[in-house]
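A quick write-up on the structure given underneath.
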Amino acid sequence: MKEAYDIEVYGRVQGVFFRAFTQKKAHELNLTGYVMNRHDGSVFIHAEGDWNQLQKFLDWCAVGSPKSKVEKVEYKNAEIKNFKTFEIRRV
């Protein structure tokens, strides 16, 4: 069953290729949606897909890209918007 999450990732997650690695992981897990930097230094992710794959994705978000330092991950259920791909968005 398809689900969707809105995810906020806090810590050193900008300027460390976090968005690119997030997109790569989403593609590996067949998730759709988008990732974007926030003005407060956090990263916002909207991810849609199978519940099991989303759980794996959340686990990955807690670790992040090789040079990132994730301090906190918050997520909540979100409205499914039926994205076709997973994209990097600019603020």
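The values are calculated or read from the model by the stated rules, or taken from the named source; none is laboratory data. Since this is a predicted model, take the numbers as computed values, not measurements. With ideal geometry, Cβ positions are generated from the backbone for all residues, glycine too; neighbour counts draw on all protein chains shown.
Key figures
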item	result
Answer from LYS67, LYS72, LYS56 - the residue that is over 18 Å from PHE17 (Cβ atoms), of a type in the set (D, E, K, R), at pLDDT 95 or above and exposed (fewer than 13 other Cβ atoms within 10 Å of the Cβ)	LYS72
Residues satisfying the stated conditions in the stretch 1-22, i.e. of a type outside the set (Phe, Trp, Tyr) and surrounded by fewer than 20 Cβ atoms within 10 Å (Cβ to Cβ)	MET1, LYS2, GLU3, ASP6, GLU8, GLY11, ARG12, GLN14, GLY15, VAL16, ALA20
Yes/no for PHE57 being within 23 Å of MET1 (Cβ to Cβ), of a type outside the set (A, V, I, L, M), in a loop (DSSP other than H, G, I, E, B) and without any contact (Cβ under 8 Å) to a residue 60 or more places away in the chain	no
Hey, ARG38 surrounded by fewer than 18 Cβ atoms within 10 Å (Cβ to Cβ), in contact (Cβ under 8 Å) with a residue 12 or more places away in the chain, of a type outside the set (Phe, Trp, Tyr) and closer than 14 Å to GLU74 by Cβ or not	yes
Hey, ILE88 in contact with a Cys (Cβ under 9 Å, 6 or more places away or on another chain) and either in a strand (DSSP E or B) or exposed (fewer than 13 other Cβ atoms within 10 Å of the Cβ) (or both) or not	no
